[in-house]
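The structure appears below as structure tokens.
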Amino acid sequence: MAVVDPLAPTGSGAVVGAGPYGRAVLEVLLPRRCAVCAAPGSALCGPCTSRLPPAPDREPPVGLDDCWALLAYDGETPRLVAELKFRNHRDVLSPVSRALAHFVTGSPSAVNSVTWAPTSTRRRRRRGFDQAELLARGIGGRASTPVTGVLERVSAGAQTGADRDHRLLGPAFRATAPVAGHVVVVDDVWTTGATLSAAAATLREAGATRVSGLVLAVRP
Ligand SMILES: [Zn+2]
């Protein structure tokens, strides 16, 4: 009688993670829990998804042709954003990116590239990741649209002369490469719109002919 050792490779070329046993091991290492209610099973459970408030209509921030938002920053949304932002709940990126990618693929004006408004370097260093970049990469991948990181934050200390006048209006950016056509700029939350406006102005200077914002949530 053959004794089957579940830990033994099942054949030449067997890799960790292959087959039901490997998947079971990964489930233990990476248990999936709902980002909102922590119920096990999926990154965002059905009941929580159905309770998330849809984004209200809002005029786009100055300098943007349009601004697409998925959710209102209300109800359970702040919790979802916090999971994404501070606890690095990367599982939640997949369903969120998939939903946001529909705005890119459904745009009446074809989108040439997706970029993001970078988080300040200090905050990024503390967290080890930039949630806006993760969202942009997830969205671009789902929408089969090129993702380019062309925006760089100009630190407040580095702003002199004319830049000083804009400091109170929001962050300032510079472009590290030219862009063309319709560019979508991704951010997690649209509050005053100052960040998106600053990003849009820089993208236009860098060559964009149309700029759309794309955010996970908008403050009503
Ligand atoms: Zn849930």
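When only DSSP loop residues count, what chymotrypsin sites (Phe, Trp or Tyr not before Pro) in segment 79-154 have their Cβ near at most 14 other Cβ atoms within 10 Å?
Answer in residue order: F129.
Give me the Kirkwood hydrodynamic radius of segment 52-218, using the inverse of the mean 1/r over all pairs of distinct Cα atoms, in Å to one decimal.
15.9 Å
Every read-out reported here was derived from the displayed coordinates using simple, explicitly stated rules and does not represent laboratory data. No experiment lies behind these values; they were computed from the predicted model shown. So basically every Cβ, Gly included, is an ideal-geometry build from the backbone, and we count neighbours across all protein chains shown.
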